[in-house]
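What follows is a single structure, written as structure tokens, with notes after it.
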Amino acid sequence: MEEAAVGSVLADRLVLQREIARGGMGVVFEARHQRLRTQVAVKLLTHETLGDIHVRERLFREAQALAMVGERGVVRVLDCAEDSRHGPYVVMEMLRGRPLDGILAARRTIGLADSVRVIDQVAQTLSEVHAHGVVHRDVKPSNLFIVREGRSDTVKLLDFGIALLPKSTPERVKITRSGAICGTPEYMSPEQLFARDVVDARSDVFSLAAVAYECLSGRIPFGSDLRDRAVMHSQGQGAPMLNVVNPAIPLTVARVIDKALSVDPNARFESAQLFAEALKGVAAVPEGSLQLLAPLATQAFAEHPKLRNTDVGVADPTELVIDLVQRRRSPRAPFLTPVRVLAGSSNEAFDGRSQDISERGMQVLLHSPLAVGARVTLKFALPMTGTLIATSAVVRWCRNGRGASHAVGFEFDEAVESGADVIRRYVAWFGESEQA
């Protein structure tokens, strides 16, 4: 078997058009369903994992968990099969939007009202997930996808690859060893960290509270060092109170999140719904809908990070702000795809993933920050067609973050002759779909 690539055809009807995302075990493509004439997302295994029976089983179990839940707040599974040439695959609905980690990378925080609305939506989804006996075990910003539905935004819970299914569910291959750590260190509960056998809905409550903490403070509640966390939790030590990290947060809100982050599962809220209700009860958030993506075509500069000397590397920030305001007047839409940035005379390569795109530029998440004003070459696949292009661009802003969370705004330095019309049509299509 061989790893699938752009142009590969699965089951004589799914044509892979563009890579969307790639991880350690799997890769997701946008594909065209030839018979239905619709766009779908297809998840397959990488070359390194095609022969791993445990990873193969995990992919099928993810599809099984999603199909079992069937909740509006999770991505919809359309098919699950195995291709003779490219191995197992899962077909899902194609989502248009941005993951929460990308939004936080650019803004650091999203405010109390939007944070409460995100937590409330995810809690409703988790309530349905838990009602089916499923524990997600990996709730984190990169697995929370914000999509536009009508005039408001909806949060979708993604990646059930390490979900704990009901004991009654047949398991052809045991995918997790007893004593194995499952989850992401920054967001996993103490019982996951210590690989205890009792991991239940309260573990997801802890992870959801860690997400709320980051949304409101721009910081994760605990470090990513497993050894340090183990020492803290073994001594019963929790996270710093949220109102100490961010004095603008009311003490009542901080106490609710602190309870959800309790080291002892018995001290937490018993369900995600109880956590969300308690948070709404003390947050005093006015009625309204989630608006993290809106208005996409005319989002103001004020909603983007305020530029500071620590964020940029130019002598005259005023000129930069003017340039950024002008650039953001160009209609844009969420667009996720791998991007390679070639910088400097040696064409040093930086790999990242885009967050949105317009005729004049795009926002990209990178592992390394870039100097504002630097001229680079961007290589990426166009929306709708998947055509690979390279274009020169200039760094207009850079928001330094932690880990792989450096948000960088690029302005195309020259007309994207081969792709301008495609980008224009994509942005227009997305704007039209908003009003549907």
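Data overview
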{"quantity": "Cut-off 12 Å between beta-carbons: net charge of the residues surrounding THR46, Lys and Arg +1, Asp and Glu -1", "calculated": "-2"}
{"quantity": "Virtual spin-label span in nm between ASP12 and ARG196, 7 Å along Cα→Cβ", "calculated": "5.4"}
{"quantity": "Three-way shape call for the stretch 97-283 based on the alpha-carbon gyration tensor, with the a/c threshold at 1.5", "calculated": "oblate"}
{"quantity": "Likely footprinting exposure, TYR187, TYR426, fewest C-beta neighbours within 10 Å first", "calculated": "TYR426, TYR187"}
{"quantity": "Percent RCO, i.e. relative contact order, over the stretch 9-93, from Cα pairs under 8 Å lying at least 6 residues apart", "calculated": "24"}
{"quantity": "Diffusion coefficient, µm² s⁻¹, Stokes-Einstein with Kirkwood Rh over alpha-carbon pairs of the stretch 9-93 at 10 °C and 1.306 mPa s", "calculated": "122"}
{"quantity": "When each of LYS167/LYS280; LYS167/LYS259; LYS259/LYS280 is checked by Cα-Cα distance, pairs over 23 Å", "calculated": "LYS167/LYS280; LYS167/LYS259"}
{"quantity": "Additional length obtainable on full extension of the chain from LYS259 to MET94, 0.36 nm per residue less Cα span", "calculated": "55.8 nm"}
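Throughout, read-outs are computed from the coordinates displayed, never taken from laboratory work. Keep in mind it's a predicted model, so treat the numbers as computed, not measured. Ideal geometry is used to build each Cβ from the backbone, glycine not excepted, and the neighbour counts take in all protein chains shown.
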